[in-house]
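First comes the structure, then the notes that go with it.
Throughout, read-outs are computed from the coordinates displayed, never taken from laboratory work. None of these values were measured; they are calculated from a predicted model. Please note: Cβ atoms are built from the backbone with ideal geometry, for glycine as well, and neighbour counts cover all protein chains shown.
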Amino acid sequence: MTSFDARRVRADVPLLRRKINGRPITYLDSGSSALTPRSVIEAMSRYYELRHANVHRGVYVTAEEATATYEGAREAVGRFINAPHPNDEIVFTKNTTEAFNLLARSWGAKNLTKSDAVVLSVMEHHANIVPWFQLRDEIGFEIRFLDVTDDFRLDLSNIDEALRGAKLLSLSSMSNVLGTINPIKELAAKAHQAGALVAVDAAQSVAHTPSDVTDLDVDFFCFSAHKMLGPTGIGVLYARRELLADMPPFLGGGGMIADVSTRGFTPAKGVARFEAGTPPIAEAAGLTAAVRYLEQLGMANVENHERELTADALQRIESHFGDQIRVIGPHNVDRRGGVISLDVEGVHPHDVAQVLDQFGVCVRPGHHCAKPLMKRFNLAATARASFGPYSMTQDTDTLLEALQRAVELFG
Amino acid sequence: MSNLEDLYREIILDHYRSPRNRGELESPPALRVEGFNPLCGDEIVVYLDVTNGTLSNIKIAGTGCSISQSSASLMSAAVKGKTLEEVHKIISRFKQLMTITEGTLEDGSEPEPIDLASMGELAALAGVVKFPVRIKCATLSWNTLVQGLDEIPA
Ligand SMILES: Cc1ncc(COP(=O)(O)O)c(C=O)c1O
């Protein structure tokens, strides 16, 4: 049994000691990027102070250590998401967005033809929409969108029809706007039955719920380190071993080849084929530390903690503000994470965020890179508050105080 | 420290709550210009009627935050009924207001101090420069107006 104490997590995050506009920072934007604990920052410093060297090339001690650090991250990430063969399945990218671009340009370009279909949903982040449109515009396959119901859930009423003849179902496991958690395991089984592969945008869910690609039985799984207490600049594409072995390279250059001559090149085997150029080595060290940190907290504990915070916040927002503030997302915490999108009556999200900033409260205004979803609910933007493992009810207290000021100022 | 009251002055809130010259003009004959802020999704539509070198009528439509909406309203009140020459003067003074904190101009010279008293209600927008990310909200309608004026045949 792991122990969980949000106050200890808070103490581990240096940035949370900052004051903004004279008040302690209230960081409610973990859905955009989660704050880094000291152990992650130190892991990256250790690389630069002791082991800074390029990977996979040198024979000297520090170069070997750098390589071990980098490759160790693959093992750590594999363990964290329960990938059976990390060394053949975990590809490091820049972020979730690049992971999807890699997937589309490599697996997609090789396997999709004019007569195929890819199934997405209206609640997807642009990262899981635009790369498919880009490829579609070249190849000409069909893109189908699962709708979202009025109570902010995936509309599965015509799922069988949508999957008929589809080659890929690509869905987010948790919406970055609604907080909705999608039933990936059930949908993956359905998709496989229909002959489609399954890709998951786990950018939001990975830091808030346990991830298990083996149990979910999915084929591709994409996420970013910076949303799981890790550094910016490194992301992950998990691809099932058999599928990855058959995927052509995406970016070309050093490190991804077996051989190059004046006539052409042969790509390297395995994951190296997808990692052209010097990879994010310090970031990989940071990612390993973030994985260890989350493992020590226990992802089930993190999930429980954030569920309690979310239930409390939803209840208090509703009882305090009534119709003045509408929550754009499920109203109960069943299959829902700690992302709370707000529509404040008569106050534009930018103004909401501006007033909140005065209280040191960090929330995100905007369309959250999910324009089809915004359109579905006739919104230009929302103000979004999102929790992390270091969040506590005192953050919600300050949020409510600041929201009250916004409502008064513009009311 | 910049205060909320610097940004959300009473005049700004007033123009946000009761925007002036809100609506549409039949186009043509009126000129219709759209402005867009792709980052926040704000959009503005400016309708212009120009007769004999005078901006005889202006209407504003669209949606946005309090700063973009009130700035559009203040702009419409400031330029309506003015000659194009006067309109251009008002625009350049407003632009100065939005850049004043940057200290030196692109050519290295110091900007001339602005006579806020001469700017009437527009001076209420002076606080926006303390909130750099909001400058683009305040300038959206003005840039749209400039775009419209550029389309008018000389
Ligand atoms: C659901 C979801 N998918 C994809 C992304 C893109 O992540 P990144 O910007 O790290 O590529 C995000 C983050 O904004 C997200 O929330």
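Stokes-Einstein, applied to the Kirkwood radius of segment B:2-151 over Cα pairs at a viscosity of 1.306 mPa s and 10 °C, places its translational diffusion at 102 µm² s⁻¹.
Per-residue mean of other chain beta-carbon atoms within 10 angstrom of the beta-carbon, peptide A:346-353? Walk me through the numbers before you get to the answer.
Working: counts 3, 3, 11, 3, 13, 10, 1, 2.
The mean count of partner-chain Cβ atoms within 10 Å per residue comes to 6.
Look at the stretch A:355-362: the mean tally of other chain Cβ atoms within 10 Å of its residues' Cβ atoms is 2. The translational diffusion coefficient of segment A:104-210, from Stokes-Einstein at 4 °C and 1.567 mPa s with a Kirkwood hydrodynamic radius over alpha carbon pairs, comes to 93 µm²/s. Average 1/r across all pairs of distinct alpha carbons in segment A:239-339, invert it, and you get the Kirkwood radius: 18.3 Å. Note on chain B: GNM, Cα springs under 10 Å; of B:Val46, B:Val79, B:Val133, the largest mean-square fluctuation is that of B:Val133. Of all DSSP beta bridges in the protein assembly as shown, what percent run antiparallel (nearest 5)? Taking every DSSP beta bridge with both residues in the protein assembly as shown, the antiparallel ones total about 70 percent.
Projected onto planes of every orientation and averaged, the convex hull of the alpha-carbon atoms in segment A:1-49 covers 5.1 nm².
Between A:Ala68 and A:Ser157, what is 0.36 nm times their sequence separation minus the Cα-Cα distance? Round to one decimal in nm. Intermediate values should be presented prior to the final figure.
Details: separation 89, 0.36 × 89 = 32.04 nm, distance 4.86 nm.
Taking 0.36 nm per residue and subtracting the Cα distance, the gain is 27.2 nm.
The C-alpha radius of gyration of segment A:300-411, expressed as a fraction of 2.2 N^0.38 Å, stands at 1.01. Its DSSP H runs of at least 4 residues, each contributing -39,500 (n - 2.57), put the calculated 222 nm mean residue ellipticity of chain B at -12000 deg cm²/dmol, to the nearest 500. Springs between Cα atoms under 10 Å define the GNM used for chain B, and in it the highest mean-square fluctuation of B:Leu140, B:Leu125, B:Leu55 occurs at B:Leu55.
Based on alpha carbons, the Rg and Dmax found for segment A:41-296 are 18.5, 60 Å. When the Debye formula is applied to the Cα atoms of the protein assembly as shown, each taken as the same point scatterer, what base-10 log of I(q)/I(0) results at q = 0.10, 0.12 Å⁻¹? Computed log10 I(q)/I(0) values: -0.95, -1.19. Cross-link reach is defined here as a Cα-Cα straight distance under 15 Å, omitting same-chain residues fewer than 8 places apart; for B:Lys82 the aspartates and glutamates meeting it are B:Asp49. Annotation: aspartates and glutamates with alpha-carbon distance below 14 angstrom to B:Lys136 (same-chain offsets under eight excluded): A:Asp351, B:Asp42, B:Glu43.
Out of all DSSP beta bridges with both ends in chain B, state the antiparallel percent to the nearest 5.
Working: 17 of 18 bridges.
Given both bridge residues lie in chain B, the antiparallel proportion sits at roughly 95 percent.
Sum up the lysine pairs in chain A that clear both bars: alpha-carbon distance under 19 Å and a spacing of 8 or more or different chains.
Values: A:Lys94/A:Lys227; A:Lys110/A:Lys167; A:Lys110/A:Lys269; A:Lys114/A:Lys167; A:Lys167/A:Lys185; A:Lys167/A:Lys190.
Total qualifying Lys-Lys pairs in chain A comes to 6.
Expressed to the nearest 5 percent, the antiparallel share of DSSP beta bridges inside segment A:18-159 is 40 percent.
List the residues of segment A:139-169 whose backbone N lies under 20 Å from a point placed 7 Å from the Cα of A:Lys371 along the Cα-to-Cβ direction. Label zone hits: A:143-148.
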